[in-house]
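The structure appears right after this line, and notes come after that.
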Amino acid sequence: PLRLLRAPLAPTTLRTHSVRRDPATASLSQKAGWLALAEKAARAEGPLRQVSLTYGELQKTVGLANSVGEVFAEERTYLTFVVQVTAEKNGVLQTGYEVAAGVGGLEILDRPGLEELARLAARRALAKLEAPSAPAGEMAVVISSQAGGTLIHEAIGHALEADSVQDGSSPHFAGKIGKVVANEKVTVMDDPTRDGHRGSFHRDDEGTPAERTVLVEGGVLKTYL
């Protein structure tokens with residue numbers, strides 16, 4: 001017969017992330033007012049076809065109790081503010097997009113501020129209306145620090161997920177640990193231990209402690225996610 005072995009449970013370890021201004025301290029009418037201020041700031045930059053604004057907040061508690069007696073809980077507060085602007089000239093539409101997001105409280109909205117975020121999005125859309133057509137052909141590009149993480153995430157992040165490599169649904173990097181997969185100037189790492197970012201956590205949803213993981217170093221594949 002099977003017997004269930006239970007280790008004595010330790011006291012729950014609760015980990016939290018820095019929240020300097022709790023979103024719960026602001027009323028719904030205050031938050032609606034922030035959206036109105038952001039829209040006004042965007043439209044002050046010039047004639048716009050559309051201004052779309054999104055404010056979101058999420059409070060999440062992840063809990064774990066395992067067979068070796070560990071009891072763990074983590075509280076995370078996520079905040080997101082998105083500005084998407086559409087401008088039109090002579091039938092041509094262009095968009096501008098800015099976002100402030102992270103793990104934390106309302107202090108996330110202070111960098112650089114809702115109104116400035118809206119102005120940046122509007123300026124980008126209006127500037128693109130005057131931009132010349134991009135030339136065809138191969139060319140060198142410079143990727144900004146803001147966009148680089150998203151590009152890497154989509155280009156190789158999903159492809160390096162270990163479960164997908166093991167089940168064969170992501171074959172591109174299968175069997176390539178220790179082999180060259182990129183230019184020698186390319187190093188890619190995953191680091192959820194950095195505080196305040198959208199992907200920050202103390203333990204993941206399966207209970208694994210967060211750690212800095214070097215995926216590609218000097219162009220060589222080191223490990224999977």
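The values are calculated or read from the model by the stated rules, or taken from the named source; none is laboratory data. Just so you know, these numbers come straight off a predicted model, no measurement behind them. Counting neighbours? That spans all protein chains shown, and the Cβs are built from the backbone with ideal geometry, glycine included. Surface areas here come from the heavy atoms of the whole protein model, side chains and all, with no ligands, DNA or RNA. Shrake-Rupley method; radii C 1.70, N 1.55, O 1.52, S 1.80 Å.
Using a probe of 1.4 angstrom and keeping all protein chains present, the accessible surface of region 70-178 works out to 57 square angstrom per residue.
First select every other residue whose beta carbon is under 15 angstrom from the beta carbon of residue 130; then total the charges, Lys and Arg +1, Asp and Glu -1. Before the final figure, lay out the partial values.
Values: positive: 89, 123, 124, 128; negative: 45, 88.
Spelling it out: positives minus negatives among the neighbours equals +2.
Here the spin labels are modelled as points 7 Å beyond Cα on the Cα-Cβ line, and at residue 191 and residue 131 they lie 3.0 nm apart. Of the labelled figures [x] 126; [y] 184; [z] 201, only one reflects volume of the Cα convex hull per residue in Å³ as derived from the coordinates, namely [z]. If you plug the beta carbon distance of residue 31 and residue 211 into 1/(1 + (r/R0)^6) with R0 = 41 Å, you get a FRET efficiency near 0.70. Gain on full extension, evaluated as 0.36 nm per residue between residue 89 and residue 13 minus their Cα-Cα distance, stands at 21.6 nm.
Using a Cα distance threshold of under 19 Å, what count of lysine pairs results for the chain when pairs must be 8 or more residues apart or interchain?
Values: 31/40; 89/128; 176/185; 176/222; 179/222; 185/222.
Within the chain, the lysine pair count is 6.
In the chain, a dipole from Cβ-located charges (positive for Lys and Arg, negative for Asp and Glu) runs towards its positive end, and of 59, 35, 170 it is 35 whose Cα lies farthest in that direction. Positive end of the dipole of the chain (Cβ unit charges, origin at the Cα centre): among 112, 73, 50, the Cα lying farthest that way belongs to 50.
A crude spin-label estimate for the pair residue 101 and residue 61, with each label 7 Å from Cα along the Cβ direction, gives 2.5 nm. Computed from point charges on the beta carbon alone (+1 for Lys and Arg, -1 for Asp and Glu), the dipole magnitude for the chain about its Cα centre is near 280 Debye.
Nearest 20 debye, what's the magnitude of the dipole of region 13-69 about its Cα centre given +1 on Lys and Arg Cβ and -1 on Asp and Glu Cβ?
Numbers: 8 positive and 4 negative charges, 10 e Å.
Around 40 debye, computed over region 13-69.
Quick one: pull the percent of accessible area on the chain belonging to carbon and sulfur, 1.4 Å probe, ligands and nucleic acids left out. The partial results should precede the final answer.
Values: 7690 of 14610 Å².
With neighbouring chains kept in place, the figure for the chain is 53 percent.
For residue 215, nonlocal amide neighbours, meaning residues 5 or more places apart or on other chains whose placed amide H falls under 5 Å from its own, are 188, 189, 190.
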